[in-house]
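The values are calculated or read from the model by the stated rules, or taken from the named source; none is laboratory data. These numbers come from a predicted model, not from an experiment. Every residue, glycine as well, gets a Cβ built from its backbone with ideal geometry; the counts of neighbours run over all protein chains shown.
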Amino acid sequence: MDSRDTILKKLKANKPEFIALPKINLDIFDENIDMVKEFIRKVEVAGGKVFEVTDNKEVLSKTQEAFPDTKVNFTNLDDSGFFNTIDYETLKNPHKLNDLDVLVLESTLGVAENGAVWLTDNDIPVRVIPFITKHLVLVLPKENIVPYMHQAYNALDPEVLDYGIFISGPSKTADIEQSLVIGAQGAMSMTVFLV
Amino acid sequence: MSHSKLAGIFNKDEKKVDWHDKALWFVRHKRDLSVHEVKGWEELRNLGHGIKAHTLSHLDVYLEQFEANALKNGVQVHWAANGDEHNQIVHGILKENHAKKVVKSKSMLTEECHLNPFLEANDIEVIDTDLGERIVQLAKEQPSHIVLPAIHKNKLEVDELFQEHLGTKPCNGDPQYLTGEARKHLREKFIHADAAITGVNFAIAENGGFVVCTNEGNADMGAHLAAVHIACMGVEKIIPKQEHLGVFLRLLARSATGQPITTYSSHFRKPRKDTKMHIVIVDNGRSEQLSRPDFRASLHCIRCGACMNTCPIYRRSGGHSYDATIPGPIGSILSPGKDLTKYSTLPFASTLCGSCSDVCPVKIDIHTQLYKWRQIIGKETPQPFIKKKSMAAMGKIFSKPSLYGKVGAVAHWALRTLPKSLINSWPNIWGKTRDLPVGHKQSFDQWYKERENNKKDDQK
């Protein structure tokens with residue numbers, strides 16, 4: 001018998017009597033929070049920045065203001081030819097993206113309780129770029145903010161996902177004497193534009 | 001070596017122990033502030049407990065469901081009965097893909113299986129990419145904490161290590177500079193890696209996906225650049241549905257560091273184009289632990305480390321004193337199930353104060369299980385002569401009030417009269433670093449009787 005069958009047989013023999021799966025009652029957690037306000041607060045706690053803007057044009061002009069002297073920029077926002085310094089072809093070799101300065105992506109879901117922003121393969125041309133970029137900028141429609149993680153998962157079809165990620169703030173570590181340092185292995189800053 | 005002996009080594013540097021104690025208590029405090037912000041936190045813990053208990057009672061079924069879905073997603077699934085088999089499977093995958101350079105993000109399971117030395121012996125370079133893990137790897141040590149692997153090292157030690165191995169300049173332990181240099185060093189490793197190994201925080205039965213949580217982004221940097229991604233998980237990492245992540249991701253980071261969520265919560269389900277994804281499912285003693293009704297709830301653990309941060313013993317004895325992959329209170333209830341003799345002192349490394357159980361996000365009755373392991377260990381493993389004899393003697397004294405009174409009077413007399421050198425001599429382990437209380441002339445019993453008599457006299 002191979003290990004698979006041995007393990008499954010042992011688990012079956014050793015498990016306790018069936019215990020029912022508890023139901024999740026979301027009313028218990030509801031506090032009727034101001035979602036936009038809470039979202040902004042939590043992104044800032046996580047070390048990120050939030051700006052409220054009117055449209056994507058303002059996103060890119062504000063991004064250029066914030067990061068004026070960057071060499072390599074990429075976004076998949078519409079009408080962004082003036083902003084992009086690289087094309088999709090370059091992205092196909094992610095190993096060459098180590099010098100990417102600014103990346104602007106659109107998200108469809110944010111979570112108020114922890115400032116997390118959701119990205120999937122649909123939003124990211126190449127999986128590694130939100131990590132390999134120096135500065136990460138995300139655009140999120142205000143009405144797509146949900147209060148808690150429960151509502152976030154209710155909005156996500158488990159059968160559709162190939163790869164997805166919640167990002168809350170820039171990459172960070174406190175592994176040297178518990179001193180917080182922003183910019184560990186991933187992005188060194190994270191900015192969210194609420195539209 | 002026993003826990004107390006190893007703790008003695010850690011305790012030689014008193015300043016470091018004080019820092020360690022305070023640093024971890026601060027993390028516990030951040031956890032408190034964070035969870036008190038969550039309405040329904042206790043209910044969330046109940047749900048975490050309930051979902052895990054349900055899953056364990058249906059574990060074989062969920063694992064099969066997970067496997068079937070992962071295969072449908074184009075992921076290869078492997079099963080390992082023990083650590084050796086796990087290492088051979090991982091090595092086999094690497095060999096098949098001609099992978100010589102491997103980056104690894106944090107995985108306590110691969111530590112438990114001693115994967116690194118195995119791969120290194122087979123001529124494969126393995127780089128731990130979590131900063132704390134990289135520090136202990138360079139120092140040729142084990143992590144001393146599951147979330148804060150290098151908490152036992154101070155910044156000057158890290159400075160020296162980096163000078164030696166990464167060629168950094170002396171910086172008086174500047175964390176910003178050292179982290180920046182580690183980032184450069186690890187970027188090189190990520191870009192040239194042939195394969196990436198990650199752990200698994202949660203594996204979802206209903207869709208065959210799995211979630212990995214990091215703050216640094218190292219799991220993603222590795223997995224998205226290498227051509228092969230191997231994810232290693234214990235059988236107990238399964239949860240039934242994606243919606244259950246809503247419960248566990250709310251619990252995990254708040255309990256671990258006080259963050260409302262880790263910076264990155266990555267949901268892997270299908271490999272990217274032209275790359276391979278493997279999952280290795282490992283038993284290594286977990287099915288045994290599942291067979292023990294008193295101890296099976298230890299398999300609920302989601303590895304947040306909250307029980308370590310709060311434990312008065314762990315904070316003062318350091319993670320290495322447990323001599324196990326998982327230290328602290330949770331490690332002390334997991335390890336005896338693997339080797340009762342080797343780990344027989346761990347369940348005694350506790351005051352049974354219950355703080356671990358109070359902070360556990362999935363409500364494992366850790367201190368109760370510590371107590372229960374003590375009962376088993378007392379019966380099944382040889383105990384020190386003095387402990388055995390003194391326990392038997394104390395048992396007799398406590399069962400007879402008159403004898404207790406007499407012995408108590410003698411003991412108090414001895415404490416008042418005899419020199420400290422004699423009272424704290426070698427059979428009295430307590431006296432090694434502590435003094436016994438002052439001996440009183442009157443026992444509580446005598447004092448109480450006298451008081452009652454005085455009352456009666458007053459009434460007359």
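Taken over segment B:147-177, the criterion of being in contact (Cβ under 8 Å) with a residue 24 or more places away in the chain, of a type in the set (A, V, I, L, M) and closer than 16 Å to B:Asp13 by Cβ is satisfied by B:Ile151 alone.
Screening B:Gln176 against (1) touching a helix residue (DSSP H, G or I) at 6+ places or on another chain (Cβ under 9 Å); (2) within 10 Å of chain A (Cβ to nearest Cβ); (3) not charged (D, E, K, R) leaves a single unmet condition, (1). Restricted to segment B:340-424, the set of helices (runs of 4 or more DSSP H) holding at least 3 residues that are closer than 28 Å to B:Gly305 by Cβ comprises B:355-359, B:366-380.
In segment A:1-68, counting only helices (runs of 4 or more DSSP H) that sit wholly within it, the ones holding 1 or more residues that are at the interface with chain B (Cβ under 10 Å from one of its Cβ atoms) span A:3-14, A:35-45. Checking each residue in segment B:366-386 for being basic (Lys, Arg) and at pLDDT below 95 picks out only B:Lys379.
When the residues of segment B:274-307 are narrowed to those that are crowded, with 18+ Cβ neighbours inside 10 Å and of a type in the set (Lys, Arg), which ends up farthest from B:Lys237 (Cα to Cα)? Per the criteria, the residue is B:Lys276.
When B:Phe295, B:Phe268 are screened for being in contact (Cβ under 8 Å) with a residue 24 or more places away in the chain and within 22 Å of B:Cys360 (Cβ to Cβ), only B:Phe295 passes. Taking the conditions (1) buried (at least 24 other Cβ atoms within 10 Å of the Cβ); (2) in contact with a Pro (Cβ under 8 Å, 6 or more places away or on another chain); (3) in the same structural domain as B:Leu131 (by TED's automatic domain parsing) in turn, B:Ala203 satisfies each one other than (2).
The one condition from (1) surrounded by fewer than 23 Cβ atoms within 10 Å (Cβ to Cβ); (2) more than 7 Å from chain A (Cβ to nearest Cβ); (3) in contact with a Gly (Cβ under 8 Å, 6 or more places away or on another chain); (4) closer than 26 Å to A:Ser179 by Cβ that B:Pro271 does not meet is (4). Consider B:Phe248 carefully, then state whether it is among the aromatic types (Phe, Trp, Tyr), under 28 Å from B:Glu37 (Cα atoms) and more than 7 Å from chain A (Cβ to nearest Cβ). Answer is yes for this residue. Only residues that are within 29 Å of A:Val181 (Cβ to Cβ), facing another protein chain (nearest Cβ under 7 Å), more than 22 Å from the chain's Cα centre (by Cα) and of a type outside the set (D, E, K, R) were counted across segment B:218-244, and they come to 3. Evaluation of B:Gln65 against the conditions (1) closer than 25 Å to B:Cys304 by Cα; (2) surrounded by 15 or more Cβ atoms within 10 Å (Cβ to Cβ); (3) more than 22 Å from the chain's Cα centre (by Cα) shows that the sole unmet condition is (1). Taken as a whole, segment B:237-244 holds no residue that is surrounded by fewer than 24 Cβ atoms within 10 Å (Cβ to Cβ), assigned to a loop (DSSP other than H, G, I, E, B) and either modelled with pLDDT under 95 or on the phi > 0 side of the Ramachandran plot (or both). Looking only at residues of segment A:137-195 that are touching a Pro at 6+ places or on another chain (Cβ under 6 Å) and free of Cβ contacts under 8 Å to residues at least 12 places away in the same chain, we find that the one that is surrounded by the most Cβ atoms within 10 Å (Cβ to Cβ) is A:Ile176. State all residues of segment B:38-57 that are touching a residue at least 40 places away in the same chain (Cβ under 8 Å) and not β-branched (Val, Ile, Thr); if no residue qualifies, say none. Within segment B:38-57, B:Leu44, B:Arg45, B:Asn46, B:Leu47, B:Gly48, B:His49, B:Lys52, B:Ala53, B:His54, B:Leu56 meet the criteria. Count of segment B:178-192 residues, restricted to those that are within 19 Å of A:Thr133 (Cβ to Cβ) and touching a Phe, Trp or Tyr at 6+ places or on another chain (Cβ under 6 Å), is 0. Contact map, segment A:110-123: residues that are acidic (Asp, Glu) paired with residues that are assigned to a strand (DSSP E or B) and at pLDDT 95 or above, Cβ distance under 8 Å, separation 6+ or inter-chain. Pairs shown: A:Asp121/A:Tyr163; A:Asp121/A:Gly164; A:Asp123/A:Leu105; A:Asp123/A:Glu106.
Within segment B:272-329, the set of residues being of a type in the set (S, T, N, Q) and assigned to a loop (DSSP other than H, G, I, E, B) comprises B:Thr275, B:Asn284, B:Ser291, B:Thr325. Elements of the type strands (runs of 3 or more DSSP E) sitting completely within segment A:97-195 and holding at least 1 residues that are at pLDDT 95 or above and more than 10 Å from chain B (Cβ to nearest Cβ): these cover A:102-106, A:109-111, A:116-120, A:135-140, A:189-194.
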